[in-house]
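The values are calculated or read from the model by the stated rules, or taken from the named source; none is laboratory data. None of these values were measured; they are calculated from a predicted model. Positions of Cβ are backbone-derived with ideal geometry, glycine not excepted, and every protein chain shown enters the neighbour counts.
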Amino acid sequence: MTQRKTVLTDVVCASPNQMASRVGDELAILDTDRSVYYGLDSVGARIWELLQAPTPLSAVLDAVVQEFDVDHATASADLLALVEDMIDKQLVDLRASDAP
């Protein structure tokens, strides 16, 4: 199945069957359906926090650029790659998109 590319207008939210816990600056996520752990660095942990409610990725990008020493282009590419990986692993759900 070919998945469309994630875009910044997409609204994404953490899937309900996840448990997460801080480990220092990092975050460990347990997928309770599959009993698999995933780890995120400090930036990924912040993104996870922002995705606890349905949130447009553009808002997540704005927060990342403000809070971390990263340029807009790099943050955008990294955010979209991370979210696509999270969607593939069913850690987050794509809720809506304003894009055609």
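Data for the structure
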| read-out | value |
| --- | --- |
| Breaking point among (1) modelled with pLDDT of 95 or more; (2) crowded, with 17+ Cβ neighbours inside 10 Å, for VAL92 | (1) |
| Subset of the stretch 10-20 [over 12 Å from the mean Cα position of the chain (by Cα) and closer than 12 Å to GLU49 by Cβ] | ALA20 |
| Selection within the stretch 46-57 - part of a helix (DSSP H, G or I) and touching a residue at least 40 places away in the same chain (Cβ under 8 Å) | LEU57 |
| One residue from ASP85, ASP71 being among the acidic types (Asp, Glu), under 18 Å from LEU8 (Cβ atoms) and surrounded by fewer than 12 Cβ atoms within 10 Å (Cβ to Cβ) | ASP71 |
| ALA77 vs. criteria surrounded by fewer than 18 Cβ atoms within 10 Å (Cβ to Cβ), in a loop (DSSP other than H, G, I, E, B) and among the hydrophobic types (A, V, I, L, M, F, W, C) | no |
| Per-region count, the stretch 9-38, residues in contact (Cβ under 8 Å) with a residue 60 or more places away in the chain and assigned to a loop (DSSP other than H, G, I, E, B) | 2 |
| Set VAL43, VAL83, VAL60, VAL65: member being free of Cβ contacts under 8 Å to residues at least 12 places away in the same chain and assigned to a helix (DSSP H, G or I) | VAL65 |
| Matching residues, the stretch 8-30, being surrounded by 14 or more Cβ atoms within 10 Å (Cβ to Cβ) and either in contact with a Lys or Arg (Cβ under 7 Å, 6 or more places away or on another chain) or not charged (D, E, K, R) (or both) | LEU8, VAL11, VAL12, CYS13, ALA14, SER15, GLN18, ALA20, LEU27, ALA28, ILE29, LEU30 |
| Count of residues meeting criterion [small (Gly, Ala, Ser), surrounded by fewer than 17 Cβ atoms within 10 Å (Cβ to Cβ) and closer than 23 Å to GLY24 by Cβ] in the stretch 45-62 | 0 |
| Leading residue by the ranking (modelled with the highest pLDDT) among those in the stretch 1-47 that are within 17 Å of ASP93 (Cα to Cα) and of a type in the set (Asp, Glu) | ASP10 |
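To keep it simple, each residue is scored yes or no on (1) touching an Asp or Glu at 6+ places or on another chain (Cβ under 6 Å); (2) of a type in the set (Gly, Ala, Ser).
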position	(1), (2)
ARG22	no, no
ALA28	no, yes
THR32	no, no
SER42	yes, yes
GLN52	no, no
PRO56	no, no
ALA73	no, yes
